[in-house]
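The values are calculated or read from the model by the stated rules, or taken from the named source; none is laboratory data. Treat the numbers as computed from the prediction; the structure is a model and nothing was measured. Neighbour counts are summed over all protein chains in view; Cβ atoms, including those assigned to glycine, are modelled from backbone coordinates with ideal geometry.
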Amino acid sequence: MHPMLNTAVKAARKAGSIINRASLDLDLIKVTAKGRSDFVTEVDRAAEAAIIDVLKQAYPSHAILAEESGASHPEGGNEYTWIIDPLDGTTNFIHGFPQYAVSIGLQHNGLITQGVVYDPTRNELFTATRGRGAYLNDRRIRVSRRTKLAESLIGTGFPFRKLEHLDDYVRMFKRITEATAGIRRPGAAALDLAYVACGRLDGFWEFGLSPWDMAAGSLLILESGGMISDFDGEPNYLGSGHVVCGAPRVYEQLLPMVQEVHKHPVTR
Ligand code: IPD
Ligand code: CA
Ligand code: CA
């Protein structure tokens, strides 16, 4: 395993054990709202601090972009940036709904080169290093071989915070529901991307994500033979927050359905 990936795995496992321990007594957890339907707990913060601690010890000169504590750039440290979501799926976690994960990606000169998504409830570790494939625990993973949209299971996330996207989202939802075998909304975007990478989902799309939701998962998709883009078919998903991905043939059919709505938005 690449040494940088190894460090990220160590950090993700530490965060995972903090999350698992806390999940045993959810009633004790203090929840605060950062915004509309946007919650943070002390578990998110403790997990993030543990991750940053491990990464900083190993790589003091690297920059950090973390959901709860923001960006930090040490002097001259702009070549490498760790992009961290300490607990993706906080709403699920608060409710004891076991679908959440730790996500850590490393960006090197603008490209994601290492990625870890760790599901502490199932002890499933998804990892990828650019050019070296993607893994679930010790097994190499590939996107699904499905080619027909009518047989495909598609993951998504609802735009429950940015309601300005809701009308367009519903239009996409209708088209995609009509064309596919079904849609799932598990509630943790990083894990949704990992599920596309290992073929549990054939495709996925969501509006308005943040870089920490996608950094690690996007590398899993690319390294497992999948395709990923923004709604224009361009690689700017980390910037725009809009993402569509999948097994190649599924992605090819999903993109135009999303794109058509996105090009002709309804105004609220
Ligand atoms: C959220 C989850 C969710 C997605 C939201 C994200 P958080 O992350 O990934 O699936 O729909 O847009 O913000 O806030 O639980 O880390
Ligand atoms: Ca997240
Ligand atoms: Ca989070």
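Give me the residue from the stretch 67-89 that is surrounded by 14 or more Cβ atoms within 10 Å (Cβ to Cβ) and more than 13 Å from the chain's Cα centre (by Cα) and, out of that set, nearest to ligand 2 (Cβ to nearest atom). Lay out the reasoning, then the answer.
Here is the first cut: in the stretch 67-89, the residues surrounded by 14 or more Cβ atoms within 10 Å (Cβ to Cβ) are 67-69, 72, 77, 80-89.
Keeping just the survivors that are more than 13 Å from the chain's Cα centre (by Cα) gives 68-69, 72, 77, 80-82.
Values: 68: 10, 69: 14, 72: 19, 77: 24, 80: 21, 81: 17, 82: 15 Å.
By that ranking, first place goes to 68.
Sub-7 Å Cβ pairs linking a first residue in the stretch 82-96 that is within 12 Å of ligand 3 (Cβ to nearest atom) to a second residue that is among the β-branched types (Val, Ile, Thr) and part of a strand (DSSP E or B), at least 6 apart or interchain, are 84/64; 84/104; 86/102; 87/102; 90/40; 90/41; 94/31; 94/41, ordered by first then second residue. Taken across the stretch 246-267, residues that are closer than 23 Å to residue 82 by Cβ and among the aliphatic types (A, V, I, L, M) do not occur at all.
Restricting the first member to the stretch 191-203 and to residues that are touching a residue at least 24 places away in the same chain (Cβ under 8 Å) and more than 16 Å from residue 86 (Cα to Cα), and the second to residues that are in a loop (DSSP other than H, G, I, E, B) and of a type in the set (Val, Ile, Thr), the beta-carbon pairs closer than 6 Å and six or more apart or on different chains are 199/143.
Each residue in the stretch 87-134 was checked for being part of a strand (DSSP E or B) and aromatic (Phe, Trp, Tyr), and 2 pass. Within the stretch 6-28, residues that are touching a residue at least 40 places away in the same chain (Cβ under 8 Å) reach partners that are surrounded by fewer than 18 Cβ atoms within 10 Å (Cβ to Cβ) with beta carbons closer than 6 Å, at six or more positions or on different chains, in the pairs 7/58; 26/96.
Being within 12 Å of ligand 1 (Cβ to nearest atom), over 12 Å from residue 117 (Cβ atoms) and either in a strand (DSSP E or B) or not aliphatic (A, V, I, L, M) (or both) is the requirement here; does residue 75 meet it? Break it down into steps so the answer makes sense when it comes.
Details: within 12 Å of ligand 1 (Cβ to nearest atom): no; over 12 Å from residue 117 (Cβ atoms): yes; either in a strand (DSSP E or B) or not aliphatic (A, V, I, L, M) (or both): yes.
Criteria not met by residue 75.
Among the residues of the stretch 1-23, which ones are modelled with pLDDT of 95 or more and either more than 19 Å from residue 48 (Cα to Cα) or hydroxyl-bearing (Ser, Thr, Tyr) (or both)?
So in the stretch 1-23, the residues modelled with pLDDT of 95 or more come out as 2-23.
2, 3, 7, 17, 23 - these are the residues of the stretch 1-23 that are modelled with pLDDT of 95 or more and either more than 19 Å from residue 48 (Cα to Cα) or hydroxyl-bearing (Ser, Thr, Tyr) (or both).
Scanning the stretch 163-215 for residues being of a type in the set (Gly, Ala, Ser), in a helix (DSSP H, G or I) and within 16 Å of ligand 1 (Cβ to nearest atom) gives a total of 5.
Flag: residue 188 matches the condition of being within 16 Å of ligand 3 (Cβ to nearest atom) and either at pLDDT below 95 or of a type outside the set (Ser, Thr, Tyr) (or both).
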